[in-house]
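Visitor: Dropping a structure here in structure tokens format, bear with me for questions.
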Amino acid sequence: MFRIRRNDSVEVIAGKDRGKKGKVLRVFTKENRAIVEGINLMKKHRRKTREDQQGGIAEIEMPIALSNIMLFCKYCEEGVRTGITVLKDGTKTRICKACKEAI
């Protein structure tokens, strides 16, 4: 069970975007990186390849290291450490270490 998954709310704890929050769009498990919405933006020069497409400079999200982001707890209103607990029906779930609520 991974610490961070797609559609999770995360907070950046290190780097140029420190303190910003966003939603995880994609996780690359082998590289230990994730793409977060609105975080780690880089400028990419695009060429007009079709008549209806516009060329120019576009900002795209680049992958950020999983060690630089923390899961955001909506109850604590901050980035938190997480743990895993087993429910009564046998399924595993992630919990906030601070408030013990399921994420």
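Visitor: Restricting to segment 1-26, and then to whatever is within 19 Å of Ile84 (Cα to Cα) and among the aliphatic types (A, V, I, L, M), can you tell me which residue is surrounded by the fewest Cβ atoms within 10 Å (Cβ to Cβ)?
Guide: Met1
Visitor: Still on this structure, I have one more. Do we have Arg81 as under 19 Å from Val24 (Cα atoms), charged (D, E, K, R) and in contact with a strand residue (DSSP E or B) (Cβ under 7 Å, 6 or more places away or on another chain) here?
Guide: In short, no.
Visitor: If I ask for residues that are farther than 14 Å from Ser67 by Cα and in a loop (DSSP other than H, G, I, E, B), which ones from segment 20-35 would you list?
Guide: Hit for segment 20-35 is Lys20, nothing else.
Visitor: Could you check how many residues of segment 49-62 are over 17 Å from Glu11 (Cβ atoms), at pLDDT 90 or above and of a type outside the set (A, V, I, L, M, F, W, C)?
Guide: Adding up the residues that qualify gives 2.
Visitor: Still on this structure, I have one more. Please enumerate the residues belonging to segment 79-103 that are assigned to a loop (DSSP other than H, G, I, E, B) and either of a type in the set (D, E, K, R) or under 16 Å from Phe2 (Cβ atoms) (or both). Walk me through how you get there before you give the answer.
Guide: Residues of segment 79-103 that are assigned to a loop (DSSP other than H, G, I, E, B), as a first pass: 81, 87-91, 97-101, 103.
Listed by number, the residues that qualify are Arg81, Lys88, Asp89, Thr91, Lys97, Lys100, Glu101, Ile103.
The values are calculated or read from the model by the stated rules, or taken from the named source; none is laboratory data. The structure presented is a predicted model; accordingly, all values stated were derived computationally and were not measured. Note that we place each Cβ from the backbone using ideal geometry, even for glycine, and neighbour counts take in every protein chain shown.
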